[in-house]
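What follows is a set of notes on a single structure, which appears directly below.
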Amino acid sequence: MKHLATGLLLIASLGLSACATGGRESQQSPLFSAGTALANSIRSRAATDGAPKGRIEVTRELLDKTPGAVLQVVPDNTGLQDFLQLVGRRNDPTPGTVEVWQSSDNAQIILREGVLVGTKGLTGDMRSAQAATTIAGFDGQGGGGERLITLARLDGTAQTVPFSCDVTQLGREVIQIVDQRVTTHHLREDCSFGAQRFTNEYWVEAVSGKMRRSRQWAGPYYGYMMIDRLKG
Amino acid sequence: MGTERKLRDCAWWPGKAALCVAALGAGSADQAAAETAYSIFDTPDRPSLNFYGAPGLVDMPTAEAMPDGQFAIGVSHFGGMTRTTLSFQATPRLSASFRYVGIQDWNANGFETYRDRSFDLRYLLKKEDGFWPAVTVGLQDFAGTGIYAGEYVVATKTFDNSPLPGTLKVTGGLGWGRLGSSNSIGTPFGSDRGSFTAGDTGGELSFDQWFRGPVAPFAGVEWQVNDRWALKAEYSSDAYVAEDSGRDVFTRKSQVNLGTEYQYSQGLRLGAYYLYGSEVGVNFQYQFHPRNPATPLTVTPTLPLNVRPSRAAAPQAWDTGWAASTQSQISYRDDLKSVLSESGLALVALQLSPASGELRLRNDRYQAPAVAVGRAARAMAQVLPASVETFRIVLMEENLAQSAVTVRRSDLEALEFDPMAADALLAVSGIGEAAPRLPGAMTNADLYPDFAWAIGPYVSPSYFDPTEPVRLDFGVEVAASYRPAPGWTIAGSLQHRLGGNVGDDPRTSNSRLPKVRTNGSLYANQGETALNTAYVSKRWKAGNDLYARVSLGYFERMFGGVSAELLWKPVTSNLALGVEANYVKQRDFDGGLGFQDYSVATGHVSAYYEFGGGYHGQLDVGRYLAGDLGATVTITREFENGWRVGGFATLTDVSSEEFGEGSFDKGINLTVPINWFLGEPDKRSVSATIRPIQRDGGARLMAPGRLYESVRSGHRNALEDQWSRVWE
């Protein structure tokens, strides 16, 4: 029993030291230092509750000053904005190019052709996901099929959930990204597994086939996030 | 249903045939523990608790079970009686409770305030379905001195589509013993029920009493009006004979109890009641689940892998000339060492050949060994030249090579973003035995000798003294350890007491056995500054599946001597066998270097078995500290995240009269990983053993550094428990 008590004291002291060293290095470029950290913002939700931080109005000038590709992510759970850097891009045996984007507090989101197939460092992460049927629907026809999505539980285990998804073509839509007007195919993906449902929306640029904007579900703990590809 | 779904998946995805086979294999294991499987989307119902800290109405039980694995802490008070109960839903149907009770104004049996411990068991015979109610059978205080002894069979039906808003739960049951003491309707199973005798040694299972004597009905309703508020009303079958007419604890005027409860938060529920027509009561209920951490764990991810260029595109990257150069090998080792240290991993040894590499590492950070293995594999892929294709990763714990995980680098590259990334990697990885040593490998000179010390506060409690439920000593502790070479540990700790009252316990041991544990207050009293431990220990691997330990010194406050242990535990086996032999002498009360006259040869043969589904069993047979011969059975529920809850009981050739109060040694073990609180990677955990009473029979030596836990923490089951985190 002694160990429990010393353990608790230990926890208390560790907690204090963690607070003292919690700061992270900020990035050099203006946008990357401007965003609110993706993972931290959810963790400190209680602290920031009711006090929404000011949004940064992204301008062309600001984008031009920022090196490399930029992804803006706004999770529903906080409404706070973060700007992510591209830290990896490659092709693997699964069709579709994978990109790894890193937030200002070193969390990552993983996109395959723009479809969210993983998160890291967010808590209750999406460990991995199929995206083939979704990507197939981007040809303008819609479609769908089963998507296996592996979701982390909070106890270190994970559950692979076979969602049934339908992709519906909602037609052409012109969206505004910073100072650009982009013509896109707007698609909606409705997925369900039993009583559990989620709905993703995608705006795929008509000319390049590149996903410029999406609202995607990252699992039951994190919920939805709005993803805008600002640059690159 | 789970298996059906998996079958369907396999049909849909023929390309994943290998995975499907693996999934089906796991499915059959799941099937055994089918009821323990839970979905990430589940929000299971949480029953409210009664004054006994078990699912119930006010003072009466209901048939509901808590969600599997749930903990409940209940503190209730009415009529001068305070009951503090810890309940645990050990399986989907079986739950156990441990209770500590204080009854004021008892004024009998030599106690002004009567304090007692009791254990309950409940078993859900039938789950509620569309038509039939849930049915539970319960044994209350089934092995104590029996003040709360009572048995019941109870049924509960939930109506959530009634005209009323919210949910209505209707309960009816039959009680025996204490729960059959008011308005009984007969004695169906015989009338010869033994009665409660305060001051009896207790502890023995009272088979002869269960369901004997008068039986009486009880009933009640719980109306959960909305998410926050609930109302409860019940008709109690407990006449409170001992408290009401026998003594002046409180006066009972009615059998009807009423109350209201407020769900303050996810875990906390508060209630206020009017009981037995005369008393106001309160009930504090707190429930939590080990699977839901206080702070969810987050690990900062690593950067994605750098995939090697193809041999055709960049032949120079695949050159193997480096293998002949000691200088290059050393520089790879140094690079790997620094990449690993960013993840809190320490390189122990590295052996490289042109096509393969074996890394031995010490994981100082992650409670889940899979995270350490995954990070080590990615570090190797980051640092090592392209031609190194096969990675062998060996986890080391205190110089014991636990297991070897073999991963192909091209699999790592191919599967990092696979739709089933973790399962797919497990399917192509090998988990096997590791040789004791890796001769000729490059080592890490920084690791030895190693000196560490710490100074901090300590708290040393003592529980359940009849006059003072909790006694505490506190002070300063200095601990130091020195590791001169792999496997050797020289360690010790010194405590200086600043205050407390453990030593004030006026009771002197009345034990008829050698006083191996009952002199605790003398140790507390006489050792203001005491050498807690001081020992030398050597641990090594005696074979691929054999582990050994020898220790010498002051192992614990009460005993010192020599201890030797041998453990057989294959990496992929659920079974382990061990043998431990000790010769120890009782230490002086003052905490100095001296010994008393009592010495004993004690030791055990142990079998450990992982049943799957989170159940673990241990059987120890041997000779205990007081020289008694017997066996200890321990059953533990283990959660993947490191939480463990176990119960143990020891029966030896000491009779219950010789043993004294409690009749035999028994208790509860609890282990909680620190990262469950912190939400940051941390390998440590805190453990506690709670006994209702500590006597001299069935007492075991606390030998430092026992092998089993540190060996299996890197074996197959531990790796697979949280394998989904391998890419973290």
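Since every read-out is calculated from the coordinates, none of them should be taken as a lab result. Treat the numbers as computed from the prediction; the structure is a model and nothing was measured. As a convention, Cβ positions derive from the backbone with ideal geometry for all residues, glycine included, and neighbour counts pool all protein chains shown.
Worth a mention:
- Evaluating 6.51 cos²θ - 1.76 cosθ + 1.60 at θ = phi - 60° for every residue in region B:361-371, the Karplus couplings come out as 9, 10, 9, 9, 10, 9, 5, 8, x, 4, 5 Hz, glycine and proline recorded as x.
- With a cut-off of 18 Å on the backbone N, the residues of region B:400-422 near the modelled label site 7 Å out from B:T572 along Cα-Cβ are B:402-408.
- Length gained on full extension, B:D192 to B:E342: 47.0 nm, using 0.36 nm per residue less the C-alpha separation.
- Straight-line cross-link reach from B:K569 at under 13 Å between alpha-carbon atoms covers these aspartates and glutamates, not counting any fewer than eight positions away in the same chain: B:E433, B:D545, B:E610, B:E709.
- All-pairs alpha carbon distance profile, region B:283-367, 10 Å steps from 0, percent: 12, 29, 28, 14, 9, 5, 3, 1
- Exercise: per-residue mean of other protein chain Cβ atoms within 10 Å, B:291-302: 6
- B:L498/B:N292 FRET efficiency (R0 60 Å; Cβ-Cβ; nearest 0.05): 0.95
- Gyration tensor (alpha-carbon) shape descriptor, chain B, a/c threshold 1.5: oblate
- Per-q log10 I(q)/I(0), region A:27-231, q = 0.09, 0.10, 0.12, 0.15 Å⁻¹ (Debye; single scatterer per alpha-carbon; no solvent): -0.33, -0.41, -0.60, -0.96
- Debye-formula intensities of region B:305-446, expressed as log10 I(q)/I(0) at q = 0.09, 0.10, 0.18 Å⁻¹, are -0.25, -0.31, -1.05 (one equal scatterer per alpha-carbon, no solvent).
- Amide H to amide H, with H built 1.01 Å from N, B:D665 comes under 5 Å of B:T650, counting only residues 5 or more places away or on other chains.
- Around B:T602: net Lys/Arg minus Asp/Glu count, Cβ-Cβ under 13 Å: -2
- Over the protein assembly as shown: Rg over Rh, Cα atoms, Kirkwood Rh: 0.99
- Taking amide H as placed 1.01 Å from N in the peptide plane, the amide H of A:G118 sits under 5 Å from that of A:I110, each at least 5 places away or on another chain.
- Applied to region B:213-226, the Karplus parametrisation 6.51 cos²θ - 1.76 cosθ + 1.60 on θ = phi - 60° returns per-residue 3J(HN,Hα) values of x, x, 10, 9, x, 9, 7, x, 10, 10, 10, 7, 5, 8 Hz, with x for Gly and Pro.
- Peptides B:260-267, B:91-98, B:714-721 ordered by average Cβ neighbours within 10 Å, highest first: B:714-721, B:91-98, B:260-267
- For chain B, relative contact order (Cα pairs under 8 Å, six or more residues apart, normalised by length) works out to 9 percent.
- Test item: B:668-678 mean partner chain Cβ contacts at 10 Å: 3
- For B:S403, residues with placed amide H under 5 Å, excluding near neighbours: B:L395
- Under 28 Å of direct C-alpha separation, and excluding same-chain neighbours fewer than eight residues apart, A:K65 reaches these lysines: A:K53, A:K120, A:K210, A:K231.
- J(HN,Hα) series, region B:171-178, from Karplus relation 6.51 cos²θ - 1.76 cosθ + 1.60, nearest Hz, glycine and proline x: 10, x, x, 10, x, 10, x, 4
- Charge context of B:G614, other residues only, Cβ under 10 angstrom, K/R +1, D/E -1: -3
- Global geometry of region B:121-198, whether rounded, prolate or oblate, following the gyration tensor of its Cα atoms and the 1.5 cut on a/c: prolate
- Only Cα pairs under 8 Å and 6+ residues apart enter the sum, and on that basis the relative contact order of region A:27-231 stands at 17 percent.
- 10 Å Cβ neighbours from other chains, averaged over peptide B:470-478: 1
- Centroid-to-centroid, using Cα positions, region B:537-573 and region A:67-124 are 48 Å apart.
- Environment charge at B:F71 (Cβ cut-off 13 Å; Lys +1, Arg +1, Asp -1, Glu -1): +3
- For region B:257-300, a Kirkwood hydrodynamic radius built from all Cα pairs, placed in the Stokes-Einstein relation at 37 °C and 0.692 mPa s, yields a translational diffusion coefficient of 258 µm²/s.
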